[in-house]
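K.L.:
Provided herewith is a single structure, encoded as structure tokens, for subsequent inquiry.
The values are calculated or read from the model by the stated rules, or taken from the named source; none is laboratory data. What you are looking at is a predicted structure, and each value in this text was computed from that prediction instead of being measured. Using ideal geometry, Cβ is built from the backbone for each residue, glycine included, and neighbour counts are taken over all protein chains shown.
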Amino acid sequence: MTTSPPTWAPATPEQHADDPRARAFAQDHPRRPIPSDHEVEASPICLTPGTGLEELWRAIVPETRTRANDLHLPIATAYASRLCDAYPQADRELVLVATALHDTGWAHVDESRIVSEGFRGDWRKAAIRFEHEAEGCNVARRVLPELGYDEEFIDRVCEIIDGHDTRHVAYSLEDAIVRDSDRLWRFDRAGIAMSTSWFGMDPAVYVDRLQTEIVPELITDAAHQIARADLDRSRHLLRTETIR
Ligand SMILES: [Fe+2]
Ligand SMILES: [Fe+2]
């Protein structure tokens, strides 16, 4: 599958910055990236796979079969678990469940439009992006009650899923950690392999763009540390200084 390289339109945080939740979060965390008081695990992500949530994973197996979600979701959730270790004040259960579910909506949109709309032009504003967020909330509302989660928890999960790509600012620390985990998977080898294939981009160009365009979007300092370590390893492994 070959596509033209996407325009990764820069975030325009002013769009949602006036929301009271965004304002409260910004006030509570004036220092960016948000510092962590804990040691950050920055070894290759395959060394600390995610654990638990078996029933949730089993419930969303069909949703993992679209758009490499069976790679993206468990890897992103493994990163989320690490970030929760770095920010123990965050609600770990909320973060892990929201990360596992955040892209399940891709399985319920017209697959032919994923590449034609979702990866081209200003992808943040593509209609299909909004649809995959809304469908992801539907999945959460379908599977979570059976697993014993209450309505308030499910509302919080949906608040994170809704807008995870199209809203440009975070509303809570948990929201920020899900966003960072969603981005961090791109720095792992599996994420680089999938993304270069989706975007029709050389690894050398791709890792350069991770550095210049995705790193600045990371909200937590722990994610910055992990991204730097992953990027360094990936550049060496893929010989991107030479193969370009
Ligand atoms: Fe998404
Ligand atoms: Fe994602």
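K.L.:
Tell me the residue from ALA170, ALA229, ALA126, ALA193 that is within 16 Å of ligand 2 (Cβ to nearest atom) and closer than 21 Å to PRO74 by Cα, please.
P.N.:
From the options ALA170, ALA229, ALA126, ALA193, the qualifying one is ALA193.
K.L.:
For the condition within 12 Å of the chain's Cα centre (by Cα) and among the hydrophobic types (A, V, I, L, M, F, W, C), what is the one hit in LEU144, LEU96?
P.N.:
Sole residue among the options that is within 12 Å of the chain's Cα centre (by Cα) and among the hydrophobic types (A, V, I, L, M, F, W, C): LEU96.
K.L.:
Moving on to the next point. Taking the residues in segment 1-18 that are surrounded by 14 or more Cβ atoms within 10 Å (Cβ to Cβ) and assigned to a loop (DSSP other than H, G, I, E, B) as candidates, determine which candidate is modelled with the highest pLDDT.
P.N.:
Among them, the one singled out is HIS16.
K.L.:
Give me the residue from segment 59-103 that is without any contact (Cβ under 8 Å) to a residue 12 or more places away in the chain and closer than 16 Å to VAL139 by Cβ and, out of that set, surrounded by the most Cβ atoms within 10 Å (Cβ to Cβ).
P.N.:
Ranking the qualifying residues of segment 59-103, first place goes to ASP70.
K.L.:
Within segment 34-50, does at least one residue satisfy the condition of being surrounded by 20 or more Cβ atoms within 10 Å (Cβ to Cβ), in contact with a strand residue (DSSP E or B) (Cβ under 6 Å, 6 or more places away or on another chain) and over 18 Å from ALA193 (Cβ atoms)?
P.N.:
Scanning segment 34-50 turns up at least one residue that is surrounded by 20 or more Cβ atoms within 10 Å (Cβ to Cβ), in contact with a strand residue (DSSP E or B) (Cβ under 6 Å, 6 or more places away or on another chain) and over 18 Å from ALA193 (Cβ atoms).
K.L.:
Suppose we filter segment 196-231 for residues that are closer than 27 Å to ASP28 by Cα, of a type outside the set (S, T, N, Q) and part of a helix (DSSP H, G or I); how many remain?
P.N.:
Of the residues in that region, 12 qualify.
K.L.:
A further question on this structure: On the given criteria, is LEU56 surrounded by 17 or more Cβ atoms within 10 Å (Cβ to Cβ) and within 16 Å of ligand 1 (Cβ to nearest atom)?
P.N.:
The answer is no for LEU56.
K.L.:
Let me ask something else. Across segment 159-185, which residue is surrounded by the fewest Cβ atoms within 10 Å (Cβ to Cβ) among those that are more than 12 Å from ligand 1 (Cβ to nearest atom) and assigned to a helix (DSSP H, G or I)?
P.N.:
Residue satisfying both the conditions and the ranking: GLU159.
K.L.:
Hey, TRP106 hits all of (1) crowded, with 21+ Cβ neighbours inside 10 Å; (2) closer than 29 Å to ASP28 by Cβ; (3) within 16 Å of ligand 1 (Cβ to nearest atom); (4) among the hydrophobic types (A, V, I, L, M, F, W, C) but one; which does it fall short on?
P.N.:
Going through (1) crowded, with 21+ Cβ neighbours inside 10 Å; (2) closer than 29 Å to ASP28 by Cβ; (3) within 16 Å of ligand 1 (Cβ to nearest atom); (4) among the hydrophobic types (A, V, I, L, M, F, W, C) one by one, TRP106 breaks only (2).
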